[in-house]
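Before any comments, here is the structure.
Just so it is clear, none of the values below were taken in a lab; they were calculated from the coordinates. Bear in mind the structure is a predicted one, so any value in this text is a computation, not a measurement. Quick reminder, even Gly has a Cβ in these numbers, built from the backbone with ideal geometry, and neighbours come from all protein chains shown.
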């Protein structure tokens, strides 16, 4: 994989000209937007809050990358659960769907579906953002969550604060006048070990759709169950991503014992490497060397039940697909 080009930030007088950003709904995606992002699965510290801060995340690694697609809810398999949503976003080629209703003054969050794993709906949507957003703006919201399977169901509280602004350095770019938001979703009752706590830090530049950087972690009943760092990788020299094509097909899917990985050699020539990641981003499998077959059989007897991300890569191309081990 080619290294991401690092754009060096010049400190000094330019830095002193920075000014805090007022965010508008221009940060929100619209139907048809396809956002290119990369992901590092090693959880990073979000750094300090405050005014005119400099954050350096140039050491982030691209464990895998993908596109976030924004579509009409009616085009997804789960629109009936969220009848008032007007936008659906799907990540990882359908590993998770989230449902929203955006306007010039707010972004409402209706819930999510992780196919064959869990879905969560809110009886009234969470007011996730209120526009415009300025440094130190904060608010709270309350809601009731319904979870299937119903392990984490009940009253919830959402809190938001725009807690910092400054200059953000990523592996491929440096962006001044970014505003950082902190969002916390708490559901359930920790006293009886039936709760979930989602904490997200997001960095935005006005006019740039979706976060430039997102640090997210989910704790369920005192156990860290999800963690990732997602960042914008536009304008980089990263390898070509063919995830939206049929370069790789998996069958049967879902599966119980083994998975056949069919490779279209007209799109992926030469030797390929195969890696598998769980939803925490941990690599659980990797071929010891390049393979040259058209169909590779992956033995899953040692895999736990759940959803996994499979990566097939050559020297200049990469494909991501999901599969479910039952």
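Taking packing as the residue-averaged number of other Cβ atoms within 10 angstrom, the listed peptides 99-105, 175-181 run from highest to lowest as 175-181, 99-105. With coordinates expressed along the principal axes, the C-alpha atoms belonging to region 31-176 extend over 43, 34, 32 Å, beginning with the largest.
Using the average count of surrounding beta-carbon atoms within 10 Å as a protection proxy, the listed peptides 119-127, 190-198 rank, highest first, as 119-127, 190-198.
When the P(r) is computed for region 154-240, the part past 19 Å accounts for 49% of the Cα-Cα pairs.
As a length-normalised measure over Cα pairs under 8 Å and 6 or more apart, the relative contact order of the chain settles at 18 percent.
Histogrammed with a bin width of 20 Å, the alpha carbon distances of the chain distribute as 29, 58, 13, 0 percent, first bin at zero. The label-point distance for residue 260 and residue 20, in a model that sets each label 7 Å from Cα toward Cβ, rounds to 6.0 nm.
Computed from the alpha carbon positions, the gyration tensor of region 240-325 leads to an equivalent ellipsoid with semi-axes of 20, 13, 12 Å, biggest first.
In terms of its alpha-carbon gyration tensor, region 130-283 comes out oblate; a/c meets the 1.5 threshold, while b/c is at least as large as a/b.
Only Cα pairs under 8 Å and 6+ residues apart enter the sum, and on that basis the relative contact order of region 262-326 stands at 34 percent.
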